[in-house]
Each structure stands twice: as C-alpha cells, then as structure tokens.
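Here is the structure we will look at, set down as structure tokens.
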Amino acid sequence: MADPATEGRRLRRSFGRLAVLGALLVVAGLVGLVYTGLATLTSMLLFGWLLLIGGFVGLLHAIDSRGTNYFWLGVVVAALNIAAGVVVIRHPQGTAEALTMFAALLFLTGGVFRLVGSVVVRGPQFGWTLLQGAFGLLLGLLVLFDWPHSSLYVLGLFFSLALLFDGLGLLAMGLGGRRVVSMVSDSMTPDSVTSERSERRVTGEPSASPSEERGKWSKE
C-alpha cells in the first residue's frame, strides 16, 4: 500500500498541472477575444492540421486493414481528409468565409425551427424556446448581413470563448481538487491521530489500538 502522504503529494501535483493548463487556456481565450482576427486564423490552421494528421492516421489504419471490406472506404475518407486539410492550410481566409456562411445558415435554420416549433407546440418551455429561436435568428442575420467581413471575427470569437470556458472549468477543477486532497491528507497525518488520542483520553473514551488505526487507514 502506498504511503498516504506520498499519494497526497502526487495527487496535488496532478491537480496543480490541471490548474496551470486551465490558467493557460484562460489567458489564450482572453487574448483571442482581444485579437479575434488572429484567433480566427489560428483556429483555421489548427483545423487544417487536425484534418491533415487525421487523414494520415486514417490512411495508416486503412493500410493495416487491407484485405477487408472497409479498406477502400478508409482510403477514400483518409484521402478526403488530407485534401481538405491541405486546402484549409493553404487558404485559411477562404475557409473561414465558407465556415462562417455555414454557421450563419445553421443559426438561421435553427432559429426558424425553434420559433415555428414553439408557436405550434406551445409546451411548458414556450417562452424559453421562443427566446432561443429569436436569438438564433437574429444572430444568423447579423452574421449573414456582415459577411464576408464577419468571417474575420465570428469563428475567432467562438474559438476564444470555448478556450475561456474550458480553461475556467479546468482551473476550478484543479484548485478544488488540490483543496480536497489537502484536507484529506491533513486528516490522515500522524499528528491528527495523536490529537485524536488525546481528545479520547480527556473525554474518557477508549483509545484505538495501533492495529485498529492501521486497519482504519487501509480502509480509507
């Protein structure tokens, strides 16, 4: 069985690294919110490289599975991913414009469907669904009317917000985890056991034997 103190230090280091990663993502998200054009370009390049790497990995998997019924399907999908990755990397601005147009159409269609559905169904969430539909429709129209100039900041804004909220979640998880591990480690130290024995002597309660205490630690 590992020493509780050593295990506690290891867990604290792990949660500390998680908190550092969250802080870095928060900083990256804030920088992206200030420089949305740079965030858009960065997101497009990352998207292109992900497609390219995923295409090569898929091609290797397809080669490993040659002779099966899915060989040519894997090759075609990998080739499409590689081609799309090359296009995105070579033309990030044009890709951003196309994806922004696609996002605007998604907002429009989603907003229209929510509006129509809320009016027709009139369920218990009528007001909330109506508000969501109106917001989606308005957002789609704003992005569409400002296109292609909106492609310079829309994707970067969404990318930066995703980094910011993911970073806040990791930061809260890391700090909270370190606090919980510290509380548990402090309660399992020998000093806490000695103080517990002293309190039992003062109150007249029978003290636990060393074997019982070791059994208690092993259960914890």
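The values are calculated or read from the model by the stated rules, or taken from the named source; none is laboratory data. Please read all numbers here as calculations on a predicted model, not as lab measurements. Virtual Cβ from ideal backbone geometry, glycine too; neighbours counted across all protein chains shown. Note: areas computed on protein heavy atoms with side chains; ligands, DNA, RNA excluded. Shrake-Rupley method; radii C 1.70, N 1.55, O 1.52, S 1.80 Å.
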Legend entry - Karplus-derived HN-Hα couplings along the stretch 29-39 (A = 6.51, B = -1.76, C = 1.60, θ = phi - 60°), whole Hz, x at Gly and Pro: x, 5, 5, x, 5, 7, 10, 5, x, 5, 5
Inset, instruction - Find how much the distance from Leu142 to Leu175 grows on full extension, using 0.36 nm per residue of separation minus their present alpha carbon separation; answer in nm with one decimal. - result: 8.0 nm
Inset, instruction - Return the whole-Å distance between the Cα centroid of the stretch 152-182 and the Cα centroid of the stretch 1-72. - result: 14 Å
Inset, instruction - For the stretch 1-155, give the percent of accessible area contributed by carbon and sulfur heavy atoms, probe 1.4 Å, rounded to a whole number. - result: 75 percent
Inset, instruction - Could you go through the stretch 53-63 in sequence order and give the Karplus-derived ³J(HN,Hα) for each residue, using 6.51 cos²θ - 1.76 cosθ + 1.60 with θ = phi - 60°, rounded to whole Hz, and x for Gly and Pro? - result: 5, x, x, 5, 5, x, 5, 5, 5, 5, 5
Inset, instruction - Above 11 angstrom, tally the Cα pairs of the stretch 94-138 and express them as a % of all pairs, no decimals. - result: 61 percent
Inset, instruction - Could you check the simple spin-label distance between Ala98 and Leu157, using points 7 Å along Cα→Cβ, in nm with one decimal? - result: 2.4 nm
Legend entry - Accessible area per residue, Å², the stretch 1-117 with all protein chains present, probe 1.4 Å: 64 Å²
Inset, instruction - Extending each Cα 7 Å along its Cβ direction at Val119 and Phe165, get the distance between those two points in nm, one decimal. - result: 2.9 nm
